[in-house]
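What follows is one structure encoded as structure tokens, with my remarks underneath.
The values are calculated or read from the model by the stated rules, or taken from the named source; none is laboratory data. Model, not experiment: these values are computed from the prediction. Methodologically, a virtual Cβ is constructed for each residue, glycine included, from the backbone with ideal geometry; neighbour enumeration extends over all protein chains shown.
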Amino acid sequence: MLSMQLKIYKDYQSLSEAAANEIVSLIKHKPAAVLCLASGDTPRLTCKLFATKAKQENLDLSQITFIGLDEWVNIPPDNEGSCHYFFQHEIFEPLQFSPGQVHLFDALSTDLNNECRKMDGLIFDKGGIDLMIVGIGMNGHIGFNEPGVSFDNYSHVAELDNTTTSVGQKYFKAAMTLQQGITLGLKHLQEAKKVLLIANAAKKAEVIQKTVEGDVTPSFPASIMQQHNNGYVMADEEAAGLLTAKNK
Ligand code: PGA
């Protein structure tokens, strides 16, 4: 029996409001929560709304541990296409996070495996991830868990799929050589206490249909969501457009 739940929203705005509210309510209940967010076009509005709500409600964010889902290997943090840059501008600066509470992969490190082990160790030490919010790639990836990845991986370095390297160009001002990514693994996702996979727009309809209704298989990594007992696929009406009627 599948345990994942599907939630469909009218549009990108209401989907993002709901995801941002999840973050706010987690922090209200658990001020020392461990939060893992993805960067990318999909979570951008969630991050903006979270920042606005956190300020409006004067939330105490000082005990939060923030973990970045992934990063492009060899892309410096000040490049506007990097995940570092995204979080810096959408969350850390507006909400004045202190450097000690923020944990992102150093994708310029000469020892990327050590970066992975450090991230895994931090997550175990903190007692696991309370809330993870991820997007989905056009090849079904989550973070840089590319098609064929093991479901049992913790953090690792991935060779990027052709879809990822071409779609990924949209984040950069100039054409970029993208070959590898460093990412949390799907074992982290399985162990996270709550996971939201968010998707909007018609271009995501096919991958959402496979995520929700396809076989659970490493060749389509997001299908692992079906096995998460506190996992939610949150889609706007366009991204939910190819789901069979029983799921709508
Ligand atoms: P997007 O990226 O939110 O920019 O569509 C999703 C992803 O590749 O994970």
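Output the number of residues of the range 164-189 satisfying the condition of being within 14 Å of the ligand (Cβ to nearest atom), part of a helix (DSSP H, G or I) and within 24 Å of Tyr154 (Cβ to Cβ).
5
Does Ser109 satisfy being part of a loop (DSSP other than H, G, I, E, B), modelled with pLDDT under 95 and more than 17 Å from the chain's Cα centre (by Cα)?
No: the conditions fail for Ser109.
Answer yes if at least one residue in the range 92-102 is surrounded by 14 or more Cβ atoms within 10 Å (Cβ to Cβ) and touching a residue at least 60 places away in the same chain (Cβ under 8 Å), and no otherwise.
No, the range 92-102 contains no residue that is surrounded by 14 or more Cβ atoms within 10 Å (Cβ to Cβ) and touching a residue at least 60 places away in the same chain (Cβ under 8 Å).
Taking Leu243 and the conditions (1) over 14 Å from Gly143 (Cβ atoms); (2) touching a Gly at 6+ places or on another chain (Cβ under 9 Å); (3) not β-branched (Val, Ile, Thr), which numbered condition does it fall short on, given that it satisfies the others?
Every listed condition holds for Leu243 apart from (2).
Among the residues in the range 85-100, are any in contact with a strand residue (DSSP E or B) (Cβ under 7 Å, 6 or more places away or on another chain) and of a type outside the set (A, V, I, L, M, F, W, C)? Walk me through how you get there before you give the answer.
Restricting attention to the range 85-100, the residues satisfying the condition of being in contact with a strand residue (DSSP E or B) (Cβ under 7 Å, 6 or more places away or on another chain) are 87, 92, 97.
After this cut, where a residue has to be of a type outside the set (A, V, I, L, M, F, W, C) as well, the list is none.
There is no residue in the range 85-100 that is in contact with a strand residue (DSSP E or B) (Cβ under 7 Å, 6 or more places away or on another chain) and of a type outside the set (A, V, I, L, M, F, W, C).
Considering only the range 117-152, how many residues are farther than 23 Å from Gln63 by Cα, surrounded by 17 or more Cβ atoms within 10 Å (Cβ to Cβ) and more than 13 Å from the ligand (Cβ to nearest atom)?
2
Suppose the filter is of a type outside the set (A, V, I, L, M, F, W, C) and assigned to a strand (DSSP E or B); does Tyr154 pass it?
Values: of a type outside the set (A, V, I, L, M, F, W, C): yes; assigned to a strand (DSSP E or B): no.
No: the conditions fail for Tyr154.
Within the group Leu45, Leu49, which residue is closer than 21 Å to Asp130 by Cβ, of a type in the set (A, V, I, L, M) and in a helix (DSSP H, G or I)?
Leu49
Condition check ((1) under 14 Å from the mean Cα position of the chain (by Cα); (2) in a loop (DSSP other than H, G, I, E, B)) across all residues:
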site: Leu197; (1), (2): yes, no
site: Ala205; (1), (2): no, no
site: Val212; (1), (2): no, no
site: Asp215; (1), (2): no, yes
site: Gln226; (1), (2): no, no
site: Met234; (1), (2): yes, no
site: Leu242; (1), (2): no, yes
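Among the residues in the range 66-75, are any surrounded by fewer than 13 Cβ atoms within 10 Å (Cβ to Cβ), among the aromatic types (Phe, Trp, Tyr) and either in a loop (DSSP other than H, G, I, E, B) or more than 16 Å from the ligand (Cβ to nearest atom) (or both)?
Step one: filter the range 66-75 for residues surrounded by fewer than 13 Cβ atoms within 10 Å (Cβ to Cβ), giving none.
Checked the range 66-75: no residue is surrounded by fewer than 13 Cβ atoms within 10 Å (Cβ to Cβ), among the aromatic types (Phe, Trp, Tyr) and either in a loop (DSSP other than H, G, I, E, B) or more than 16 Å from the ligand (Cβ to nearest atom) (or both).
Evaluate the following for Gln13: is it part of a helix (DSSP H, G or I), without any contact (Cβ under 8 Å) to a residue 60 or more places away in the chain and under 23 Å from Thr164 (Cβ atoms)?
Considered against the rule, which asks whether it is part of a helix (DSSP H, G or I), without any contact (Cβ under 8 Å) to a residue 60 or more places away in the chain and under 23 Å from Thr164 (Cβ atoms), Gln13 comes out as no.
If you check Phe151, Phe144, Phe97, which single one turns out to be within 22 Å of Ala51 (Cα to Cα) and of a type in the set (Phe, Trp, Tyr)?
Working: Phe151 fails: within 22 Å of Ala51 (Cα to Cα); Phe144 fails: within 22 Å of Ala51 (Cα to Cα).
After ruling out the rest, the residue left standing is Phe97.
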